[in-house]
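No lab work stands behind these numbers, since they all come straight from the coordinates. Quick caveat: nothing in here was measured; it's all calculated off a predicted structure. Using ideal geometry, Cβ is built from the backbone for each residue, glycine included, and neighbour counts are taken over all protein chains shown.
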Amino acid sequence: MTYNAYFLNYDFCRTAVIKCIENIFSNNHILKNYFTQEQRKLMVSNMKGRVYQKDEVIFHEGQPSFLIYFVNSGIVKLWKEGVHNVEQTIRFAKEGDIIGFWSSLENNSYSLSATALSDAEICYIKKDLFLPMVQANSSQEMILHNYIKELKKTEDDLRDMAEMNVREKVAHSILVLLEVFKEWMRKHIKQYSQEKK
């Protein structure tokens, strides 16, 4: 993956964090529609970021949830350790998605682990700074409703997967992967075709 000059360092400089926040706000409709200009400025002054390499763990299941993460680029796998220490993929997070929010909201440890599936630019903020912004927002109910809906969908998907036979699980997984990776594939196919010219 090619990064602009700001993202070449392991940790982001302030300019890169600002670009990260702009990207997140343009790709996440909840933040874009319900956060004020003052809250954005507060996020800029308190957010940090870094590049996670492919297969690097961002946080582990059971780890205390001190941070809320925002995916600026790349794909992140959220997974749980199942029976016999087998990884069970719960969902994927892509550009504009927030991870670690639900555990932080509930003041629990992270209920899932997160691993970068590709090199990923991730911004993060302390939950003690972010959650008061959510709670002060007049549209807090809308934000929480969206995350509850997302959680319910994940639970429903897991339940449905448990009842499927092998063929149905494979077909379902392919459809989910196509949905998650479609923008990534489109971008890389376009880049590849331009390089071949």
- [ ] Please determine, by comparing only the residues of the stretch 31-49 that are within 17 Å of the chain's Cα centre (by Cα) and surrounded by fewer than 19 Cβ atoms within 10 Å (Cβ to Cβ), which one is nearest to Ser113 (Cα to Cα).
- [x] Lys48
- [ ] State all residues of the stretch 52-69 that are polar (S, T, N, Q) and surrounded by fewer than 13 Cβ atoms within 10 Å (Cβ to Cβ); if no residue qualifies, say none.
- [x] Gln53
Open item on the list: Looking at Gln63, Gln39, can you tell me which residue is in contact with a Phe, Trp or Tyr (Cβ under 7 Å, 6 or more places away or on another chain), touching a residue at least 24 places away in the same chain (Cβ under 8 Å) and more than 26 Å from Trp184 (Cβ to Cβ)?
Closed with: Gln63
